Amino acid sequence: MLTTEKTKTNSSAARDGAPRKVPQQELAELIRRVVREQPVRDLHTHLYPPTFGTPFSGSARDRDASGLMLWGIDELLTYHYLVSEVYRVVTTRQLPYESFWRMTKREQADHIWKNLFLERSPISEACRGVLTTLERLGLDVESRDLDSYRRWFAEQDPSEHIDRVMQLGGVSRITMTNAVFDDNERRRWLDNARVGDDSRFAAVLRFDPLLRNWPSAAEQLAGWGYAVSDELNDKTVEQARQFVRDWIDRMRAIYCAVSLPPDWRYEGGDDQRLSSVVLRKIVLPVLAERDMPFAMMIGSKLRVNPGLRDGGDMVGLADVASVARLCADFPANRFLCTMLARENQHELAVAARKFGNLMIFGCWWFVNNPSLIDEITRMRVELLGTSFIPQHSDARVLDQLIYKWDHSRELIARVLVDKYGDIAASGWQPSEQEIRRDVQLLMHGNFENFLGAGAK
Ligand code: HDL
Ligand code: ZN
């Protein structure tokens, strides 16, 4: 219905001190700028500061072959996404997996560069990301001169490069994934209590085996001095809770996390599945006591093709009803959740409408592609407004922060341009201040507010 009454003009609104309304034609550019300028708190990565060692460093003195801080062009090119993709082009008949894994990192990178960049155009998202990163670092992509890129990286200092990449990616703080059951990771924390003391990084206690394979996890806890048996009696429960507390404290973890297989289920209070009992008796009580969220990343079938190593995992349809049951049964806990299957995304967003203690986040791994980020983010805004966390990078190589956030910011902005445009068309003219407030929530505030008092 067309109203005859003139709406307030900007000048009269400005006179009475209301925030300036943004004329529609300027709206799109303003939204893109706000999204570009808003620092993001990246809630899930596999990145590390130099204190965890780095296999790549200009000076041989600093190199640590098992170091966890991955950065530079050869790590970018040998990202497990690209290993999977190159094996679609050069099959195992031509290059057996073990021959590839016996190559040096440089030789593997040469192989991927040749087959996925030079002999075929690098148009996949993972290939394109390498190009975006090189371009934003100021390197000459058009030259296609891999050795020139290598020379440039070899001149960089790892810690200074972290500052540079965070600045280019607009990342205010990096959240690590600290897998306590990984020997390399655990040893570094036990050898050096200050290993996590880099203010640019926050730690996350990741303990998949507790839920994926309790008997094996219990054996390892016993080996670490906790009086646990694989029978979940009171003594074992208390000792396992102490294990979780000890590592939250050692890492100063801001939340705890697991990745779960697609067939993971939680059937409610009397569910005697080992993972459900471990959740109910060990994990969730400690997290409630510590006022700390629990992140569940659900849908990964591990090593369906072991020859590809980290690249060998597969996606499967998960059960959103199990997440909903957890949220209902544990109202004192807060749950971060992301799912790997595209087909789970709508139901998960609807579950978030039902439970305020559920915060859905990110377009994870196999749905971290432009077409799906657009689809999923659009659907989430329509169902949840600004009350979700649109993205995390999942970066494994430091430099990936640049492309993963460049690509996602553009896509998130595109959705917001449409959504603010829709309300402006009804006469609700958003002010710049309101847009900045909303984007700060999406990129930073929703995550920080969900962390609770205990962690920042
Ligand atoms: O379990 C996870 O955190 C996943 O993100 C895996 O690390 C996976 O290999 C990955 O890197 N996805 O992007
Ligand atoms: Zn991850």
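The length gained on full extension between R353 and I123, counted as 0.36 nm times the residue separation minus their Cα-Cα distance, comes to 79.2 nm. The distance between label points at R187 and D310 comes to 1.8 nm (points 7 Å beyond Cα on the Cα→Cβ vector).
A cut-off of 5 Å between modelled amide H atoms, ignoring neighbours fewer than 5 places along the same chain, links S229 with T236. With θ taken as phi - 60° and the Karplus curve 6.51 cos²θ - 1.76 cosθ + 1.60 applied, the whole-hertz 3J(HN,Hα) list for segment 40-47 is 10, 9, 6, 7, 8, 9, 10, 9 Hz, x standing for glycine and proline. For the pair L95 and S172 in one chain, pulling the backbone fully straight at 0.36 nm per residue adds 23.6 nm over the alpha carbon distance.
Assuming 0.36 nm per residue, please report the length gained on full extension of the stretch R102 to W224 beyond their Cα-Cα distance. Provide the component values of the computation, followed by the final result.
On the way: separation 122, 0.36 × 122 = 43.92 nm, distance 3.30 nm.
Value of the extension gain: 40.6 nm.
The apolar share of the surface of segment 65-154, taken as the fraction of accessible area on carbon and sulfur atoms (1.4 Å probe, ligands and nucleic acids excluded), comes to 49 percent.
Model label sites at S148 and A424, defined 7 Å from Cα along the beta-carbon direction, differ in position by 4.1 nm.
What is the local net charge at N115, summed over the other residues whose Cβ is closer than 13 Å to its Cβ (Lys, Arg +1; Asp, Glu -1)? Before the final figure, lay out each step's value.
Details: positive: R88, K114, R120; negative: E85, E107, D110, E119.
Residues close to N115 contribute a combined charge of -1.
Measuring against 29 Å, Cα to Cα, the residue pairs K354/K419; K235/K301; K105/K301; K281/K354 contain K235/K301 as the ones spanning a longer distance. At a probe radius of 1.4 angstrom, the accessible area of segment 65-154 per residue rounds to 49 square angstrom.
Global dimensions of the chain from alpha-carbon coordinates: Rg and Dmax equal 23.5, 78 Å. For segment 311-456, the relative contact order comes to 19 percent (Cα pairs under 8 Å, sequence separation of at least 6).
Scalar couplings 3J(HN,Hα) for segment 239-256, obtained by applying the Karplus form with A = 6.51, B = -1.76, C = 1.60 to θ = phi - 60°, are 5, 5, 4, 5, 4, 5, 4, 4, 7, 4, 5, 4, 8, 6, 5, 8, 7, 10 Hz; x denotes Gly and Pro. Segment 95-166 and segment 197-244 have Cα centres separated by 38 Å. A cut-off of 5 Å between modelled amide H atoms, ignoring neighbours fewer than 5 places along the same chain, links R334 with F294.
For the pair E29 and Q433, label points projected 7 Å from Cα toward Cβ lie 2.3 nm apart.
Amide hydrogen proximity for V315: with H placed 1.01 Å from N in the peptide plane, the residues at 5 or more positions away or on another chain lying under 5 Å are K301. Taking only C-alpha pairs under 8 Å that are 6+ residues apart, what is the relative contact order of the chain in percent? With pairs under 8 Å counted, the relative contact order is 21 percent. Segment 359-433 and segment 326-355 have Cα centres spaced 18 Å apart.
In this structure D197 has an accessible area near 70 Å², from a 1.4 Å probe over the protein heavy atoms.
In sequence order, segment 161-176 has phi-based couplings of 5, 4, 4, 4, 5, 5, 5, 5, x, x, 9, 7, 7, 9, 9, 7 Hz under the Karplus curve 6.51 cos²θ - 1.76 cosθ + 1.60, θ = phi - 60°, and Gly or Pro positions carry x. Evaluate the Debye formula for segment 65-154 with equal point scatterers sitting on the alpha carbons, no solvent, and hand back log10 of I(q)/I(0) at q = 0.17, 0.20, 0.21 Å⁻¹, in q order, two decimals. For the requested q values the scattering log ratios are -0.71, -0.98, -1.08. Please give the FRET efficiency for D110 paired with E410, using the beta carbon to beta carbon distance and R0 = 30 Å, rounded to the nearest 0.05. My answer for the efficiency is 0.45.
The values are calculated or read from the model by the stated rules, or taken from the named source; none is laboratory data. All of these numbers come straight from a predicted model, not from anything done at the bench. In this analysis, Cβ positions are derived from the backbone assuming ideal geometry, glycine residues included, and neighbour counts consider all displayed protein chains. Ligands, DNA and RNA are excluded from the accessible area calculation, which covers all protein heavy atoms including side chains. Shrake-Rupley method; radii C 1.70, N 1.55, O 1.52, S 1.80 Å.
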